[in-house]
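Heads up: the structure comes next, in structure tokens.
The values are calculated or read from the model by the stated rules, or taken from the named source; none is laboratory data. Nothing here was measured: the structure is a model prediction, and the numbers come from that model. Note that each Cβ is placed from the backbone with ideal geometry, even for glycine, and that neighbours are counted across all protein chains shown. Side chains are part of the model used for accessible areas, which takes the heavy atoms of the whole protein and leaves out ligands, DNA and RNA. Shrake-Rupley method; radii C 1.70, N 1.55, O 1.52, S 1.80 Å.
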Amino acid sequence: MLCTYFCNVNTSSQVPGRSPSLPGAQWPGPSISKISGPSAMGSYSVTGTCVYNEVVSLLAHMDDQDKGKIALRIAFIAETKLASVLTVLLEKLQKDEQNRIDIYYVLEKLLQQDTQGLERRLLKKIITLASNHMTETQEARNEVKVAASNTLVTLARCYFSDVMLELVYHLELPEEFIFMTLGNLSSAYALKCIPFVGMILKAMISMLALVKDSRMRQAFCGVLEKCSRAVNVYFMNWEKCPFPRMGESQFCKNILPLYSHVTSNWLSCEELE
């Protein structure tokens, strides 16, 4: 009864500084303590239940309305209810296989805003789900893997080390979308990736014999190229980095063997990639 009242309160009044096309989710009254009885997310506050219902309703209309506006609407709700909105999105990512691309799209938009102070359990859940979706051995659509990869790159803006360590952990075996994500991270955050370059390149050297098909070689070379570009950026901007200066020899000892293998063994391949 209470939840019905709060969920039906008009939330379309314009907030100063906000576009009238994206009304704010302003829940009236003070925060209400946990209510008893089952709900869509277990024992949950009235406000939390309203957030759940609104986000689920918005996601259900992604097909017939402008996705950008819906994503911005959900991101707006998350400005004050970040944990609640993320909990809904992560639950839907696990259960709703058909709409994962749309859910990742919304999640990526949400993560573009300031997410400093995100609960560790939610941060870990995002990273684990996205990395699992990128490495699924079953016939997962590449679009889902790309969406998961893009989400991790966006998340790395505030949580670079957490994302990078997860990806390095997955470097035990060649995986196209892990390579692709590492390359994109190196491009987007060149200076931040420098402490990890040696670790990445050593892992790549150890798996050279396992990289056999053309798509994997293409992704592998993409990481090598973008790590090399990041090193060049570092040499031009090393004074901006908080860690001790690294010399050319520290990078060359790992980069040169990889380039030598690629030029000696892969340039003669007939595959276009």
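The figures follow:
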{"quantity": "Of all residues making up the stretch 171-203, the number that are part of a helix (DSSP H, G or I), among the hydrophobic types (A, V, I, L, M, F, W, C) and open to solvent by 30 Å² or more (accessible area, probe 1.4 Å)", "calculated": "4"}
{"quantity": "Positions within the stretch 91-150 being within 22 Å of ASN184 (Cα to Cα), of a type outside the set (S, T, N, Q) and at pLDDT below 90, in sequence order", "calculated": "ASP114, GLU136, ALA140, ARG141"}
{"quantity": "Failed condition for GLU143, given (1) touching a helix residue (DSSP H, G or I) at 6+ places or on another chain (Cβ under 7 Å); (2) open to solvent by less than 30 Å² (accessible area, probe 1.4 Å)", "calculated": "(2)"}
{"quantity": "Selected residue (criterion: nearest to LYS202 (Cα to Cα)) from residues of the stretch 247-256 that are without any contact (Cβ under 8 Å) to a residue 24 or more places away in the chain and open to solvent by less than 90 Å² (accessible area, probe 1.4 Å)", "calculated": "CYS252"}
{"quantity": "Conditions (1) part of a helix (DSSP H, G or I); (2) surrounded by 19 or more Cβ atoms within 10 Å (Cβ to Cβ); (3) among the hydroxyl-bearing types (Ser, Thr, Tyr): number failed by THR128", "calculated": "(2)"}
{"quantity": "Which listed residue is small (Gly, Ala, Ser), surrounded by fewer than 16 Cβ atoms within 10 Å (Cβ to Cβ) and within 25 Å of THR263 (Cβ to Cβ), from SER228, SER214", "calculated": "SER214"}
{"quantity": "Every pair of residues 6+ apart whose Cβ atoms lie under 8 Å, when the first sits in the stretch 233-246 and is over 15 Å from LYS192 (Cβ atoms) while the second is open to solvent by 50 Å² or more (accessible area, probe 1.4 Å)", "calculated": "PHE235/GLU248; ARG245/TRP238"}
{"quantity": "Sole residue being within 21 Å of ILE127 (Cβ to Cβ) and of a type in the set (Val, Ile, Thr), chosen from THR181, THR263", "calculated": "THR181"}
{"quantity": "Qualifying position, being basic (Lys, Arg) and either open to solvent by less than 10 Å² (accessible area, probe 1.4 Å) or touching a Lys or Arg at 6+ places or on another chain (Cβ under 9 Å) (or both), among LYS92, LYS81", "calculated": "LYS92"}
{"quantity": "Flag if GLY48 is in a helix (DSSP H, G or I), within 22 Å of ALA147 (Cα to Cα), at pLDDT below 90 and open to solvent by less than 60 Å² (accessible area, probe 1.4 Å)", "calculated": "no"}
{"quantity": "Breaking point among (1) more than 15 Å from LEU155 (Cβ to Cβ); (2) of a type outside the set (S, T, N, Q); (3) open to solvent by less than 10 Å² (accessible area, probe 1.4 Å); (4) under 13 Å from the mean Cα position of the chain (by Cα), for MET134", "calculated": "(1)"}
{"quantity": "One residue from VAL168, VAL153, VAL163 being open to solvent by 10 Å² or more (accessible area, probe 1.4 Å) and under 11 Å from the mean Cα position of the chain (by Cα)", "calculated": "VAL153"}
{"quantity": "Selection count, the stretch 229-248, where residues are of a type in the set (Gly, Ala, Ser) and at pLDDT 90 or above", "calculated": "1"}
{"quantity": "Filter result for VAL211 (within 22 Å of ALA188 (Cα to Cα), of a type in the set (Val, Ile, Thr) and modelled with pLDDT of 90 or more)", "calculated": "no"}
